[in-house]
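Enquirer: Provided herewith is a single structure, encoded as structure tokens, for subsequent inquiry.
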Amino acid sequence: MLQIPDHIASITPYQPGKPMAELERELGLTGVIKLASNENPVGPSPKAVAALRRALDAGQLNRYPDGGGYYLKQALSARWGLPENQFILGNGSNEIIEFLCRTFLQPGDEVVAADLTFVVYKLITTAAGGTLKTVPLKNHTHDLDAMAEAVGPRTKMVFVCNPNNPTGTYNSEAQVQRMLARLPDDVIVVFDEAYAEYVQATDYPDTLAMLAARPNTVILRTFSKVYGLPALRIGYGMTSPELVDAMNRVRQPFNANDLAQEAALAALADDDHVTHSIQVNEEGKRTLAELFDSLSLNYLPTQANFIYFNVGMDGGPVFQECLKQGLILRHIHGDWIRVTVGLPHELARLAQVLPDVLRLLRS
């Protein structure tokens with residue numbers, strides 16, 4: 001009989017959504033709009049698409065990718081002013097979280113994170129045999145003082161998702177500095193900045209400066225959000241050479257595929273696409289705020305490309321009724337739903353569907 005370790009058996013597998021074509025077939029709909037996964041509705045940079053075409057035309061799919069990410073690390077080094085040996089590439093930034101847990105956690109070690117944040121922290125910590133110690137959010141934001149207080153002798157890592165997913169809230173430079181001042185130097189602090197390019201707050205933390213002062217700091221970035229390349233799964237981490245060296249001992253040799261590296265390299269150089277994506281996001285945030293205000297729905301100010309809003313009732317039926325109308329949102333828990341900032345026509349569809357759904361369920 002197959003014996004599954006208890007810590008693995010305790011994990012609830014991530015449930016992926018169905019392909020859009022299959023969902024449309026099941027619902028008998030066309031033109032389903034997905035506002036559930038925090039994707040960039042603008043799409044990828046045209047330069048990234050052109051780079052993919054060139055890579056395909058070069059006919060190198062029968063060759064393994066560059067296992068060291070030579071050219072992409074060069075470009076990242078120039079962008080961030082760090083030596084290349086302070087970067088590690090991943091199949092999405094998720095994989096770097098896995099590197100961290102597999103490299104530095106032993107059974108019984110603890111990881112501190114917020115109780116409502118990116119679900120992958122719990123999944124990977126548990127899979128590595130560690131224990132996740134969660135700290136409640138305060139005003140829907142990471143309570144960094146309480147997180148510092150939660151650090152104990154078995155704590156190896158602290159995860160700070162900033163801006164936080166799913167709430168869209170952020171922690172300031174002063175808050176982060178106060179937390180770091182209370183942490184032992186040997187605790188690894190991981191700043192997950194998947195949405196950092198969207199941030200407009202002027203007091204957002206300078207984590208690169210923190211890394212320079214504190215080697216046990218990790219900064220995670222991704223090409224899946226503002227760069228519009230989630231299908232290719234490419235992200236990166238910035239940290240000390242010592243931590244990169246340790247993580248490379250568990251990293252598979254060709255974990256970042258060639259097409260992803262080529263597209264990321266081109267996307268990184270297209271500042272106009274990033275600027276345009278941010279402008280579209282800011283306009284969409286204003287549109288959503290006006291919609292929620294008109295419906296008297298509470299919502300949180302966001303520094304990301306999604307908004308967390310409260311429907312004043314169980315969000316599950318709201319999600320299901322919207323789905324029947326060809327609109328995919330993300331029900332998080334209780335009364336709260338997360339919606340990705342979409343294009344104008346997508347948000348116009350939301351403005352048509354959501355009031356009718358709320359009226360139906362309130363009647």
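Enquirer: Look at the stretch 1-48 and say how many of its residues are among the hydroxyl-bearing types (Ser, Thr, Tyr) and under 25 Å from residue 273 (Cβ atoms).
Expert: First, pick out the residues of the stretch 1-48 that are among the hydroxyl-bearing types (Ser, Thr, Tyr): 10, 12, 14, 30, 37, 45.
Pick out the ones that are also under 25 Å from residue 273 (Cβ atoms) and you get 37, 45.
Total meeting the criteria: 2.
Enquirer: What are the pairs with Cβ atoms under 8 angstrom where one residue, in the stretch 19-45, is without any contact (Cβ under 8 Å) to a residue 24 or more places away in the chain and more than 22 Å from residue 232 (Cβ to Cβ) and the other, located anywhere, is basic (Lys, Arg) and assigned to a loop (DSSP other than H, G, I, E, B)? Sequence gap at least six, or different chains.
Expert: 26/18
Enquirer: Next question, about the same structure. Listed residues 256, 260, 231, 194; which is at pLDDT 95 or above, touching a helix residue (DSSP H, G or I) at 6+ places or on another chain (Cβ under 7 Å) and more than 27 Å from residue 299 (Cα to Cα)?
Expert: 260
Enquirer: Among 69, 59, which is the only one that is at positive phi and out of contact with any strand residue (DSSP E or B) (no Cβ under 7 Å at 6 or more places or on another chain)?
Expert: 59
Enquirer: A follow-up question, please. If I filter the stretch 91-109 for residues that are of a type in the set (S, T, N, Q), outside any helix (DSSP H, G or I), in contact with an Asp or Glu (Cβ under 8 Å, 6 or more places away or on another chain) and surrounded by 17 or more Cβ atoms within 10 Å (Cβ to Cβ), do I get at least one hit?
Expert: No, the conditions are met nowhere in the stretch 91-109.
Enquirer: OK, next. Looking at this structure, is residue 152 touching a residue at least 40 places away in the same chain (Cβ under 8 Å), surrounded by fewer than 18 Cβ atoms within 10 Å (Cβ to Cβ) and assigned by TED's automatic domain parsing to the domain that holds residue 118?
Expert: Criteria met by residue 152.
Enquirer: Another question, then. Among the candidates 345, 273, which residue alone is farther than 24 Å from residue 169 by Cα and either modelled with pLDDT under 95 or buried (at least 16 other Cβ atoms within 10 Å of the Cβ) (or both)?
Expert: The unique qualifying residue is 273.
Enquirer: Please find, among 126, 134, the residue that is without any contact (Cβ under 8 Å) to a residue 60 or more places away in the chain, outside any loop (DSSP other than H, G, I, E, B) and either on the phi > 0 side of the Ramachandran plot or β-branched (Val, Ile, Thr) (or both).
Expert: 134
The values are calculated or read from the model by the stated rules, or taken from the named source; none is laboratory data. Predicted, not measured: the structure shown is a model, and the values here were computed from it. Cβ atoms come from the backbone with ideal geometry, glycine included; neighbour counts cover every protein chain shown.
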